[in-house]
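In what follows, a structure is listed as structure tokens, so that the remarks can point back to it.
Just so it is clear, none of the values below were taken in a lab; they were calculated from the coordinates. From a predicted model like this one, the values you see are computed outputs, not experimental measurements. All Cβ positions, glycine included, derive from the backbone under ideal geometry; neighbour counts span all protein chains shown.
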Amino acid sequence: MGGAVVPLVVYYLVRSHVHGDAVALAIAGAFPAAWVGFEWIRRRTIDPIGAIVLFGFVAGLIASVALGGNAFVLKVRDSAFTGLFGLACLVSLGFHRPAMFSVGRALSAGDDPDRRRAFNELWESPAAPRVFRIITAAWGVGLIGEAGVRTVLAVVLSTGIFLAVSPVLAGVVIGRLFAFTVGYTRRARRRSEELIAAGI
């Protein structure tokens, strides 16, 4: 929540003291990006979400400057990355292992070789490929839809209102996707255990 509140507060504090929304958005976005950089210096590691925040801020800032200080680019920079990741999820359905298998392994096992090996063994379960593909498809469709709605909101809402509404939308969509992932995984595991118990 703090990651959403701080940029909003900073935006309103500096907006009247700078020339244009683009400058105010750049200053507001610098605080979360700086925190990610501080955590990287302190821990020498960076989580996937932190990497997206930092890279999205830098890429959005460069694009905005290149377009002559375009505030819209800074408003939709997060939507661009969630939309691209959603598209990557759908494309990965044609690969041997879909994207959410790799994401799940990174989140649950990290750099631990034993835990990564154990997670890789999950793929050998007969139901695993279908489960991971359904989860990946859900994330792909959900994130592309979220990116599309957030882009429309960036067009129709003022910058201040958009900064307040955008994190809520993202939180609701991603929260629902996480809830679906956990619930569907549990149901699939329970179903698999029932089939094994029944000797099927």
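Under a model in which nothing but the beta-carbon of Lys, Arg (+1) and Asp, Glu (-1) is charged, region 88-192 shows a dipole of about 460 debye around its Cα centre. On full extension, the segment bounded by residue 137 and residue 116 gains 5.3 nm, given 0.36 nm per residue less the C-alpha separation. Sites listed here are GluC sites (Glu not before Pro) in region 120-195 whose DSSP assignment is loop and whose Cβ has at most 12 other Cβ atoms within 10 Å: 124.
Once the Cβ-Cβ distance of residue 169 and residue 91 is raised to the sixth power relative to R0 = 25 Å, the FRET efficiency obtained is 0.55. Stretching the chain fully between residue 151 and residue 184 yields a gain of 9.0 nm (0.36 nm per residue, less the alpha carbon separation). Placing a pseudo-label 7 Å from each Cα along the Cα-to-Cβ vector at residue 72 and residue 41 gives an inter-label distance of 3.6 nm.
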